[in-house]
Amino acid sequence: MEPKQRFLRSQRVQISYWDWGNEDAPPLVLVHGGRDHARSWERIAEAFRADYHVVAPDLRGHGDSEWTPGSAYGLPDNALDVVRVIEEIGAPARVLAHSYGGSVSLVAAGTYPEHFSALAVLEGTHSLNPEREDSMGPHWLRTWGDRVRGYEDSVPRVYPDLRAAEERMLEANPRLPADFVPSLAGYASKPVDGGYIWKYDFWVNGRTSMEIRREELPRFWEAVECPVLLVFARETRPNQRPDAEKFFRDARSVRIDDAGHWIHHDQPEALLAELRPFFAEAVRS
């Protein structure tokens with residue numbers, strides 16, 4: 001059965017989410033990474049739909065969710081959207097999140113710990129913002145402002161057909177299953193004159209002028225109350241924090257072999273072998 005697309009509003013932004021049914025089961029929320037979309041979780045959702053009420057939102061500015069004026073795409077903005085989704089389907093929820101979605105979900109779990117019964121994060125212990133070299137002030141704001149204002153002249157790349165978009169995805173991750181690439185590219189793109197462009201708003205790269213900084217993230221991690229599973233690829237990116245486990249009250253880390261940043265695409269069975277017992281055992285008291 002195909003999932004059903006539903007919508008809700010969070011902070012006046014319309015958020016799209018996909019629902020795989022089984023509403024009487026415990027909720028499981030899947031949160032995608034930056035410049036991705038909810039349907040990238042399709043195969044993981046199918047694996048869990050018999051045991052959980054699985055939903056996957058498109059983060060603001062991604063997939064079929066609304067774009068925001070300016071660049072209101074920071075960790076706090078997205079964290080409140082994830083909380084809103086959990087409230088819609090029932091809290092507390094188990095949450096599985098990837099990359100930037102992992103960073104978002106960790107902030108949400110530290111801020112609203114009662115909404116989370118378990119949290120698994122794939123390669124999400126990072127922030128795209130560097131450490132502050134100085135305190136917030138004119139210099140820092142101008143540096144950010146000059147960068148984000150440059151997006152006003154950006155023009156999206158137009159792919160002549162979906163096959164070209166698929167090839168770009170394979171270029172970014174050669175491990176992608178060939179039979180899954182058409183679906184990934186199809187949901188990630190939209191038609192325009194001359195071909196297709198990616199759905200996500202380029203301004204998501206700007207985040208926000210008041211973004212949570214890298215050195216500030218452990219404050220949120222220390223406030224997370226539910227069990228946490230930190231999943232890293234053996235070929236993890238250098239911006240990850242493999243030592244992040246020490247900041248949590250109840251956390252453990254695992255590494256998946258023969259996988260890059262997109263662990264859920266590269267090694268789905270190995271990942272599921274870690275997730276199934278974690279979600280089954282991690283019941284919030």
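The values are calculated or read from the model by the stated rules, or taken from the named source; none is laboratory data. Keep in mind it's a predicted model, so treat the numbers as computed, not measured. Using ideal geometry, Cβ is built from the backbone for each residue, glycine included, and neighbour counts are taken over all protein chains shown.
Based on what the data block shows, is residue 64 acidic (Asp, Glu), assigned to a loop (DSSP other than H, G, I, E, B) and farther than 26 Å from residue 190 by Cβ? Please lay out each step first, then the result.
Working: acidic (Asp, Glu): yes; assigned to a loop (DSSP other than H, G, I, E, B): yes; farther than 26 Å from residue 190 by Cβ: no.
No, not satisfied.
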Working carefully through the options 175, 163, find the one that is in a helix (DSSP H, G or I) and among the basic types (Lys, Arg).
-> 163
Result of the Cβ filter at 7 Å on segment 151-175, keeping first residues that are within 20 Å of residue 237 (Cβ to Cβ) and partners that are aliphatic (A, V, I, L, M), at least 6 apart or interchain, is 169/176; 169/181; 169/184; 169/185; 170/176; 170/181
Cβ-Cβ under 8 Å pairs, at least 6 apart or on other chains, segment 204-224 side within 17 Å of residue 78 (Cβ to Cβ), far side at pLDDT 95 or above and β-branched (Val, Ile, Thr) = 212/107; 217/107; 220/107; 220/111
Working only within segment 178-223, note down all residues that are part of a helix (DSSP H, G or I), modelled with pLDDT under 95 and closer than 17 Å to residue 35 by Cβ.
-> 202, 203, 204, 205, 206
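Looking only at segment 77-99, filter to residues that are assigned to a helix (DSSP H, G or I) and either modelled with pLDDT under 95 or over 16 Å from the mean Cα position of the chain (by Cα) (or both); which one of those is nearest to residue 213 (Cα to Cα)?
Within segment 77-99, the match that is nearest to residue 213 (Cα to Cα) is 87.
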Test: residue in segment 14-29 that is touching a residue at least 24 places away in the same chain (Cβ under 8 Å), acidic (Asp, Glu) and not in a loop (DSSP other than H, G, I, E, B) | yes
Please determine, by comparing only the residues of segment 161-207 that are within 17 Å of the chain's Cα centre (by Cα) and among the hydroxyl-bearing types (Ser, Thr, Tyr), which one is surrounded by the fewest Cβ atoms within 10 Å (Cβ to Cβ).
-> 187
Only one of (1) more than 18 Å from residue 261 (Cα to Cα); (2) outside any helix (DSSP H, G or I) is not met by residue 143, so which one is it?
-> (2)
Could you please find all residues in segment 248-285 being within 19 Å of the chain's Cα centre (by Cα) and small (Gly, Ala, Ser)?
-> 253, 259, 260
The lone exception for residue 226 - which of (1) assigned to a loop (DSSP other than H, G, I, E, B); (2) modelled with pLDDT of 95 or more; (3) in contact with a helix residue (DSSP H, G or I) (Cβ under 6 Å, 6 or more places away or on another chain); (4) surrounded by 19 or more Cβ atoms within 10 Å (Cβ to Cβ) it fails | (3)
